[in-house]
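The values are calculated or read from the model by the stated rules, or taken from the named source; none is laboratory data. The structure presented is a predicted model; accordingly, all values stated were derived computationally and were not measured. So basically every Cβ, Gly included, is an ideal-geometry build from the backbone, and we count neighbours across all protein chains shown. Areas reflect the complete protein model, heavy atoms only, side chains present, ligands, DNA and RNA absent. Shrake-Rupley method; radii C 1.70, N 1.55, O 1.52, S 1.80 Å.
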Amino acid sequence: QVQLVESGGGLVQPGGSLRLSCAASGSIFRIAVMGWYRQAPGKQRELVATMTSGGNTVYADSVKGRFTISRDNVKNMVYLQMNSLKPEDTAVYYCNLKFVGHDYWGQGTQVTVSS
């Protein structure tokens with residue numbers, strides 16, 4: 001069984017930084033695609049960044065150059081370093097694991113960017 005638990009969200013001023021963490025259980029972590037998605041109020045959930053087991057990454061255009069996804073396959077952790085945060089980054093951020101057509105989601109962590 002896969003469980004994902006996010007942490008690290010909070011309130012930050014524009015231009016600030018946050019680091020989100022996601023702890024994953026389950027033996028498939030090392031071969032799964034891990035990712036971060038976000039959902040702002042009244043909007044659909046959207047991709048932020050993904051990383052394959054081999055380290056290939058995909059980023060949304062809106063976060064390129066500001067956000068960095070990383071993973072630790074020993075600790076079963078995935079991270080999202082967010083720099084130069086903007087008010088439009090405000091959303092609930094979800095950790096995602098994809099494996100053989102299945103999607104697993106964490107409970108989400110709120111990120112609010114406001115002065």
Just checking, does the stretch 4-20 include any residue being free of Cβ contacts under 8 Å to residues at least 60 places away in the same chain and touching a strand residue (DSSP E or B) at 6+ places or on another chain (Cβ under 8 Å)? no
In the stretch 1-47, anything closer than 15 Å to Tyr79 by Cβ, polar (S, T, N, Q) and in a loop (DSSP other than H, G, I, E, B) is listed as Ser17
Restricting the stretch 96-111 to residues that are open to solvent by 40 Å² or more (accessible area, probe 1.4 Å) and closer than 17 Å to Val33 by Cβ, the one modelled with the lowest pLDDT turns out to be Gly101
Only unsatisfied item for Pro41, checking (1) over 11 Å from Leu97 (Cα atoms); (2) modelled with pLDDT of 95 or more, is (2)
All but one of (1) under 23 Å from Val113 (Cα atoms); (2) open to solvent by 40 Å² or more (accessible area, probe 1.4 Å); (3) charged (D, E, K, R) hold for Arg30; which doesn't? (1)
Tell me which residues, restricted to the stretch 48-95, are part of a loop (DSSP other than H, G, I, E, B), of a type in the set (Gly, Ala, Ser), at pLDDT 95 or above and touching a Lys or Arg at 6+ places or on another chain (Cβ under 7 Å). Ser84
Of Gly42, Gly35, Gly9, Gly15, which residue is open to solvent by less than 80 Å² (accessible area, probe 1.4 Å) and on the phi > 0 side of the Ramachandran plot? Gly15
Every residue from the stretch 18-32 that is at positive phi and under 14 Å from the mean Cα position of the chain (by Cα): none
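Table: residues versus (1) charged (D, E, K, R); (2) over 15 Å from Val92 (Cβ atoms); (3) out of contact with any helix residue (DSSP H, G or I) (no Cβ under 7 Å at 6 or more places or on another chain).
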| position | (1), (2), (3) |
| --- | --- |
| Gln1 | no, yes, yes |
| Ser7 | no, no, yes |
| Gly15 | no, yes, yes |
| Arg19 | yes, yes, yes |
| Gly26 | no, yes, yes |
| Gly35 | no, no, yes |
| Gln39 | no, no, yes |
| Gln44 | no, no, yes |
| Ala49 | no, yes, yes |
Every residue in the stretch 58-74 that is surrounded by fewer than 18 Cβ atoms within 10 Å (Cβ to Cβ) and either on the phi > 0 side of the Ramachandran plot or in contact (Cβ under 8 Å) with a residue 24 or more places away in the chain (or both), please. Ser62, Gly65, Asn73
